[in-house]
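Each reported figure results from applying straightforward, stated rules to the coordinates on display, with no laboratory input. Owing to the predicted nature of the structure, the values given are computational and were not obtained by experimental measurement. Positions of Cβ are generated from backbone atoms using ideal geometry, with glycine treated the same way; all protein chains shown enter the neighbour counts.
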Amino acid sequence: MAIRSLLRTLLATALTLTSAAATLAQPPASPARTDPKLRTFFQDLAHDVEQLGSDPAGISLATAGILSTAVLPLDDNIAEWKENDAFKSGTWIGNGAVLAAGSLGIYSLAHWTHKPRVEHVAVDLLRAQVLSLGLTYGVKAAVPRERPDGSSDDSFPSGHTAEMFASATVVARHLGPKVGWPAYGLATFVGISRMNQGRHFLSDVVFGAGIGVAVGWNTSHRGPAIAKAWTVSPGVSRSGIAVYVARSFTP
């Protein structure tokens, strides 16, 4: 029963965060570079930091804060969840070094094969991963919290989850819902794995997801926004969740 509640909560969280950001998305105040490259990495990263004050990012973080507070009563119960080997892979899938290496590998291959669009996606992914990790470690330092397994006091928020949701948001912005939804599914799996392996509480994962969505939105300014074609409105109750999906067609 606790697992069903957990899955409903995480799914509702992912849908709420992404739809909140998409609904309120506005063009950035100052346009992002049209050709982000590794050589302009830090310049573009500084622009991304400036854009964290935008409405989509603020709404994502505020929603994550509200949701993470709301699920606090579930933290202790879910922390008693018995470890399952099926979730061990989430530890390395969401590892920052693995994600960065993957993004750099994609970028290098795209550069050598002259695929500028793929280069763009890869460098956006790398910036999102770096910025989300930096933000999570900043919060960890400000809000020390012991991990469920007692290994350290940097449980809040989940860095693995933040990086995965940031990456999923970048992918969704660039490639649309057909690729975006599976990416969010993988991000949710990583978040669940962090709880199952005793590394994070549910509230850590929820807030980490919020950071990821906020960062991913602001590091892919030129990607096609999901909101242009799709609107997702989740509803949550004690008995379950409802998801309303609308598709807009333009001539």
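If the convex hull of the alpha-carbon atoms of the stretch 42-94 is projected onto planes in all directions, what is the mean projected area in square nanometres?
With every direction weighted equally, the projected area is 5.9 nm².
Find the percent of Cα-Cα distances in the stretch 148-227 that exceed 21 Å, and round it to a whole number. All intermediate terms of the calculation are to be shown ahead of the outcome.
Details: 875 of 3160 pairs.
Pairs farther apart than 21 Å: 28 percent.
Using a simple spin-label model with points 7 Å from Cα along the Cα→Cβ vector, what separation in nm is obtained for residue 91 and residue 46?
Taking the two extended label points, one gets 4.0 nm.
Rank the residues 171, 215 as a footprinting-exposure proxy: fewest other Cβ atoms within 10 Å of their Cβ go first.
Fewest to most other Cβ atoms nearby, the residues stand as 171, 215.
Please arrange 149, 48 by how many other C-beta atoms lie within 10 Å of their C-beta, fewest to most.
Ascending Cβ contact count within 10 Å gives the list 149, 48.
What residues qualify as long-range amide H neighbours of residue 154, i.e. H under 5 Å apart, gap of 5 or more or another chain, H built at 1.01 Å from N?
Those lying under 5 Å, H to H, from residue 154 are 145, 147.
Give the cross-link partners of residue 178 among the lysines, using a straight C-alpha distance below 30 Å as the criterion and excluding same-chain residues fewer than 8 apart.
Straight-line reach from residue 178, under 30 Å: 37, 88, 115, 228.
State to the nearest 20 debye the size of the charge dipole of the stretch 114-170 about its Cα centre, where the only charges are +1 on K and R beta carbons and -1 on D and E beta carbons.
240
Going by how many other Cβ atoms sit within 10 Å of their own, how do 146, 80, 163 line up, fewest first? Display every interim value, and only then the final one.
Values: 146 13, 80 9, 163 31.
Ascending Cβ contact count within 10 Å gives the list 80, 146, 163.
So what are the radius of gyration and Dmax for the Cα set of the stretch 101-174, in Å?
Considering the stretch 101-174 through its Cα atoms, Rg and Dmax are 15.3, 48 Å.
Between residue 55 and residue 151, how many nm apart are label points set 7 Å from Cα along the C-beta direction?
4.1
Please report the projected area of the stretch 44-203's Cα convex hull averaged over all directions, in nm².
Averaged projected area of the stretch 44-203's Cα convex hull equals 10.1 nm².
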